[in-house]
Amino acid sequence: MYGALLGDMIGAPYEFDRGDKTKDFPLFGRDSIYTDDSVMTIAVAEALLDAREKGVETDEAKVKKLLVDSMRRWGNKYPNAGYGARFIWWLHDRNMGPYGSYGNGSAMRVSAAGWLYSSLKTTRKMARWTAEVTHNHPEGIKGAEAAASAIFLARNHAAKEEIRDYIVREFGYDLSRTCDEIRPGYHHVESCQETVPEAVTAFLEGSDFEDVIRTAVSLGGDCDTLTCIAGSIAEAYYGVPIGMMAECQNRMEEDMRAVMERFDNATGSKKV
């Protein structure tokens, strides 16, 4: 989960194409703060941990209720984190169900599903459930499943070519472009179909955890979310430097750190 949180906060100052599309930038500054990506990553992780502890992981209705309750609780506790307009509406209207979104929010918050389960089939199912409570458009579901699948494969020692081939075969994303080809024309866009492939490509091209983060930020656009997704895969593949973990913890709230510790105890974080 650290990879997602770090990607969010490191990318946040450069969102909305505010960066120079370069890999040469300070990793942490005054504006390196968590956003909605991190809040919802924490919320989903807590819900999935609760489902495991309650023994209801196979009950779709109960898992989705836990997800909805957790996301609304965390979202209303941290209301100024930068949520999209329709998601804000969903947070406040308890009678509102899924709203057909294909936004990249479903992929940015899914990282816990990539870590908690022992099979790819279960990983994809749980990722789908985390998406469907709001982002029930096929592209929203696909984005969440693709991100979680890449994390699962990376933490189970799949080679990058295996991960690439699986994502292309199963989800139909075009991963043929290099980051140098993506970067010039890439702009702020918030759909799964124009964020997840770019995030996976940044992971594939990066040489270590930090390089993946820098590569993702350099693409520009909605780069806190893009880097959140890329960082979550990079953590599973490379591990996270201990110093960056400490920096992440220092920038999160106490209640968020409690969920992070609980998640670490359940999964074990890869440190380097």
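Identify all residues within segment 198-210 that are crowded, with 16+ Cβ neighbours inside 10 Å and over 18 Å from Arg109 (Cβ atoms); write none if there are none. Talk me through it step by step, then tell me what you get.
Going residue by residue through segment 198-210, those that are crowded, with 16+ Cβ neighbours inside 10 Å are 198-206, 209-210.
Within segment 198-210, Thr201, Ala202, Leu204, Glu205, Gly206, Phe209, Glu210 qualify.
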Of all residues in segment 84-99, how many are closer than 18 Å to Gly143 by Cα and either in contact (Cβ under 8 Å) with a residue 40 or more places away in the chain or under 14 Å from the mean Cα position of the chain (by Cα) (or both)?
2
Does Val168 satisfy the criteria of being β-branched (Val, Ile, Thr), under 24 Å from Gly100 (Cβ atoms) and either modelled with pLDDT under 95 or part of a helix (DSSP H, G or I) (or both)?
no
What residue, among those in segment 52-84 that are hydroxyl-bearing (Ser, Thr, Tyr) and in a loop (DSSP other than H, G, I, E, B), is farthest from Thr267 (Cα to Cα)?
Tyr83
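Could you say whether any residue in segment 59-73 is out of contact with any Pro (no Cβ under 9 Å at 6 or more places or on another chain), over 23 Å from Lys125 (Cα atoms), exposed (fewer than 15 other Cβ atoms within 10 Å of the Cβ) and not polar (S, T, N, Q)? Full working, then the answer.
Here is the first cut: in segment 59-73, the ones out of contact with any Pro (no Cβ under 9 Å at 6 or more places or on another chain) are 59-73.
The next check asks that each one be over 23 Å from Lys125 (Cα atoms); those that pass are 73.
Among the residues that remain, those that are also exposed (fewer than 15 other Cβ atoms within 10 Å of the Cβ) are: 73.
Checking which are not polar (S, T, N, Q) leaves us with 73.
Among the residues of segment 59-73, at least one is out of contact with any Pro (no Cβ under 9 Å at 6 or more places or on another chain), over 23 Å from Lys125 (Cα atoms), exposed (fewer than 15 other Cβ atoms within 10 Å of the Cβ) and not polar (S, T, N, Q), which makes the answer yes.
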Any idea which residue in segment 98-123 is surrounded by the most Cβ atoms within 10 Å (Cβ to Cβ), counting only those that are of a type outside the set (Gly, Ala, Ser) and over 17 Å from Arg155 (Cβ atoms)?
Met108
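I'm trying to understand the selection: among the residues of segment 46-58, which are among the polar types (S, T, N, Q) and surrounded by 15 or more Cβ atoms within 10 Å (Cβ to Cβ)? Show your work before the answer.
Start the filter on segment 46-58 by keeping residues that are among the polar types (S, T, N, Q), which leaves 58.
Hits for segment 46-58: nothing passes.
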Selection count, segment 124-141, where residues are crowded, with 24+ Cβ neighbours inside 10 Å, free of Cβ contacts under 8 Å to residues at least 60 places away in the same chain and part of a helix (DSSP H, G or I):
3
Going by the structure shown, is Val259 in contact (Cβ under 8 Å) with a residue 12 or more places away in the chain and in contact with a Cys (Cβ under 6 Å, 6 or more places away or on another chain)?
no
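What tally of residues in segment 2-20 results from selecting those that are outside any helix (DSSP H, G or I) and either of a type in the set (Asp, Glu) or surrounded by fewer than 16 Cβ atoms within 10 Å (Cβ to Cβ) (or both)? Full working, then the answer.
Pass one, segment 2-20, residues outside any helix (DSSP H, G or I): 15-20.
When the remaining residues are screened for being either of a type in the set (Asp, Glu) or surrounded by fewer than 16 Cβ atoms within 10 Å (Cβ to Cβ) (or both), the result is 15-18, 20.
So the count comes out to 5.
The values are calculated or read from the model by the stated rules, or taken from the named source; none is laboratory data. For clarity, every value in this text was computed on a predicted model and none was experimentally measured. Reconstructed Cβ throughout: ideal geometry from the backbone, glycine too, with neighbour counts over all protein chains shown.
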